[in-house]
1. If you go through the stretch 46-79 one residue at a time, how many are surrounded by fewer than 14 Cβ atoms within 10 Å (Cβ to Cβ), among the hydroxyl-bearing types (Ser, Thr, Tyr) and in contact with a Phe, Trp or Tyr (Cβ under 7 Å, 6 or more places away or on another chain)?
2. Out of all the residues in the stretch 21-58, which are within 17 Å of Phe72 (Cβ to Cβ) and among the acidic types (Asp, Glu)?
3. So which residues in the stretch 1-25 are in contact (Cβ under 8 Å) with a residue 24 or more places away in the chain and either closer than 22 Å to Met71 by Cα or aliphatic (A, V, I, L, M) (or both)?
4. Scan the stretch 25-45 residue by residue and report those that are open to solvent by less than 50 Å² (accessible area, probe 1.4 Å) and either charged (D, E, K, R) or out of contact with any strand residue (DSSP E or B) (no Cβ under 8 Å at 6 or more places or on another chain) (or both).
Amino acid sequence: MYAFIHGQVEEKYADSIVVNVNGIGYHIYTTMATLDKVKKLGETMRFYTYLYIREDTVSLFGFASREEKAMFEKLITVS
């Protein structure tokens, strides 16, 4: 649904970030590799996203590169 989200990083946690896009804060779960690329709050970045929908949850995952997102998509197909 969302190919990417581009905006200012407002908050950074151990497993996620909040990105401000025109006043809307997107809570995005991410990897340590992507978190390491966030150098300071307030910087503008692009995150390639994957919207994960199940019966009990809706989560947004984001990655600094298309390759990292592609690897995630391969991993979630494994049972």
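1. 2
2. Asp36
3. Taking the stretch 1-25 first, the residues in contact (Cβ under 8 Å) with a residue 24 or more places away in the chain are 1-12, 17, 19.
Hits for the stretch 1-25 are Met1, Tyr2, Ala3, Phe4, Ile5, His6, Val9, Ile17, Val19.
4. First, pick out the residues of the stretch 25-45 that are open to solvent by less than 50 Å² (accessible area, probe 1.4 Å): 28, 30-31, 34-35, 38, 42-43, 45.
Of everything in the stretch 25-45, just one residue is open to solvent by less than 50 Å² (accessible area, probe 1.4 Å) and either charged (D, E, K, R) or out of contact with any strand residue (DSSP E or B) (no Cβ under 8 Å at 6 or more places or on another chain) (or both), namely Glu43.
The values are calculated or read from the model by the stated rules, or taken from the named source; none is laboratory data. As the structure is a computational prediction, the values presented were derived from the model and not from experiment. Glycine also receives a Cβ, built like all others from the backbone with ideal geometry; neighbour counts cover every protein chain displayed. Note: areas computed on protein heavy atoms with side chains; ligands, DNA, RNA excluded. Shrake-Rupley method; radii C 1.70, N 1.55, O 1.52, S 1.80 Å.
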